[in-house]
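Notes follow the structure.
The values are calculated or read from the model by the stated rules, or taken from the named source; none is laboratory data. Everything quoted here is computed from the prediction, not taken from an experiment. Virtual Cβ from ideal backbone geometry, glycine too; neighbours counted across all protein chains shown. What goes into the accessible areas is simple: the full protein's heavy atoms, side chains included, and nothing from ligands, DNA or RNA. Shrake-Rupley method; radii C 1.70, N 1.55, O 1.52, S 1.80 Å.
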Amino acid sequence: MAKAGLPSDFLWGFATASYQIEGSVDVDGRGPSIWDVFCDKGGKIADGSSGAIACDSYRRTAKDIELLRSCGAQAYRFSLSWSRIIPLGGRNDPINQKGLDHYVKFTKDLLDAGIVPLITLFHWDLPQALHERYGGMLNKQEFVADFANYARIVFEALGPYIKYWVTFNEPWCSAVLGYNTGIFAPGRTSDRSKSSEGNSTTECWVVGHSILVAHGAAAKIHREEFKSRYGGEIGIVLNGDWAEPWDSESKEDIEACERRLEFAIGWFADPIYHGDYPASMRKQLGVRLPKWEEKDIALVKGSNDFYGMNTYCANYVRHRTSLPQDDDFEGNVDLLFENQKGEKIGPDTQSAWLKPYPPGFRKLLNWIYHRTGRPKILVTENGTSIKNENDHKLPEILDDDFRVTYYKDYIHAMAEAVAEDGVNVKAYFCWSLLDNFEWADGYETRFGVTYVDYEDEQKRYPKKSAKEVKSIFEKYVGKA
Ligand code: GBH
């Protein structure tokens, strides 16, 4: 039997993101973000909804803190809405003190409740004005300067209270889903049935590059202007799921798995930890992948104090024999849920892409740890939706054994990676504290450990998983 345990200073809690929970989109001077506009276009969100009300968390901060306490959470990861703090987003635009004060108060209230706050500066809700003014993240120079300004304002106001800063959540999603497939805001793509603008072969690579440089710029500001005053650490959060070969005997499929992980994770991790994009990406993308200017890579290389890891599931990966398409972003592979023997990687959930595979978590922790030179890892998101959860009645929904099993198995896999394999994981956040606005899937897909009744004043009902997570961690913490 493999050992399983976590260190005694291990931190665990729950995560959310501003646009998915806050609502109050035109309250206290908030400016619109690209997600407000994207939702309003129509036809983009499964149930035609938006984050206009969401979980009403902007007005229910006290309730959310009470909920966190009742779950025994030690920490809470949340994101800031840039356009609440700077409604137009830019470095020469006015600051909205009310927006900033809201987050200062919330942070202090969390600390008073004994909960460690972890702040994400950017979880996809770019101020709409920056998109309109210069194309947002397509314009590296402007975007980096504006993000740096926003970061500095936030570090100034919240520096004394924050131990862990995340610059960007999942740049892969902003780049690929926002500028290649177009299923996320701002919805740019070459597919003219979805968007009149966009170029899927180039824009995602440009956007990814801008985000990396903006991350590096913010990290430099944090280290040079704030770290000695307030302490704290800064990192980026990358998403990625484990890849198993479709044919475990095939050298090509094993290589395809590696390439898949490089396209998903190495794209961002390699510049930060090694100073350049993966060779497999250079080979496939050629000049479409931006070259590193010296001053930019100097900002990016070495910019992480910790590695923020989001992961949910795994895929079988099969190599392709055809040449890569120009808009391919996956490394010219097929992503499958069954292997050559017809075995499924995991059970269905409400999310088409998500089939739980706990052993993949341990393997991916190892892959990332060794690829990136053994950094401190914080698991900043992990969780699941449940097939047809939304169709059930409240009592059944609250009895979310599927989610409880998911957390048991995933946390166990992590505890093995730590105790058995020596991977340095220091924190873990369940996605999510609340059912919330699940982006293009709207409200029908629920990821919360807490049920939110959208028909009845966003009332919260903790599910079984909300209570179980605490006892799961009690089994492991202090045992490694
Ligand atoms: C996280 O991303 C997000 O950070 C969080 O906001 C979100 O609520 C949570 O997942 C649950 O979805 O639709 O086939 O193009 C997780 C990584 C990568 C998972 C993109 C969904 C879309 C696949 N995501 N993927 S598809």
Every residue from region 24-48 that is surrounded by 13 or more Cβ atoms within 10 Å (Cβ to Cβ), touching a residue at least 60 places away in the same chain (Cβ under 8 Å) and at positive phi: Asp28, Gly29
Test: residue in region 189-197 that is open to solvent by less than 40 Å² (accessible area, probe 1.4 Å) and not polar (S, T, N, Q): no
Candidate set from region 174-188 (those that are crowded, with 22+ Cβ neighbours inside 10 Å and over 15 Å from Lys41 (Cα atoms)); member that is farthest from the ligand (Cβ to nearest atom): Tyr179
Inter-residue pairs, beta-carbon under 7 Å, first without any contact (Cβ under 8 Å) to a residue 60 or more places away in the chain and in region 370-397, second β-branched (Val, Ile, Thr), 6+ apart: Lys387/Thr349; Glu389/Ile397
Residues that are in contact (Cβ under 8 Å) with a residue 12 or more places away in the chain, out of contact with any strand residue (DSSP E or B) (no Cβ under 7 Å at 6 or more places or on another chain) and open to solvent by less than 90 Å² (accessible area, probe 1.4 Å), drawn from region 96-107: Asn96, Gly99, Leu100, His102, Tyr103, Val104, Phe106
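Conditions tested, residue by residue: (1) touching a residue at least 40 places away in the same chain (Cβ under 8 Å); (2) open to solvent by less than 30 Å² (accessible area, probe 1.4 Å); (3) under 15 Å from Asn332 (Cα atoms); (4) under 22 Å from the mean Cα position of the chain (by Cα).
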{"position": "Leu238", "(1), (2), (3), (4)": "yes, yes, no, yes"}
{"position": "Trp242", "(1), (2), (3), (4)": "yes, no, no, yes"}
{"position": "Phe268", "(1), (2), (3), (4)": "yes, yes, no, yes"}
{"position": "Ile272", "(1), (2), (3), (4)": "yes, yes, no, yes"}
{"position": "Gly275", "(1), (2), (3), (4)": "no, yes, no, no"}
{"position": "Val287", "(1), (2), (3), (4)": "no, no, no, no"}
{"position": "Lys295", "(1), (2), (3), (4)": "no, no, no, no"}
{"position": "Asp305", "(1), (2), (3), (4)": "yes, no, no, yes"}
{"position": "Tyr312", "(1), (2), (3), (4)": "yes, yes, no, yes"}
Filtered residue count, region 215-231, keeping only those that are open to solvent by 20 Å² or more (accessible area, probe 1.4 Å) and not charged (D, E, K, R): 3
Residues of region 335-358 that turn out to be away from the ligand (no atom under 13 Å from the Cβ), in contact (Cβ under 8 Å) with a residue 60 or more places away in the chain and under 21 Å from the mean Cα position of the chain (by Cα), as a count: 1
Condition broken by Ala264, with the remaining ones in (1) surrounded by fewer than 23 Cβ atoms within 10 Å (Cβ to Cβ); (2) within 16 Å of the ligand (Cβ to nearest atom); (3) more than 28 Å from Leu118 (Cα to Cα); (4) not β-branched (Val, Ile, Thr) satisfied: (3)
Filtered residues of region 53-92 (kept if of a type in the set (Ser, Thr, Tyr) and surrounded by 21 or more Cβ atoms within 10 Å (Cβ to Cβ)): Ser57, Tyr58, Tyr76, Ser79, Ser81, Ser83
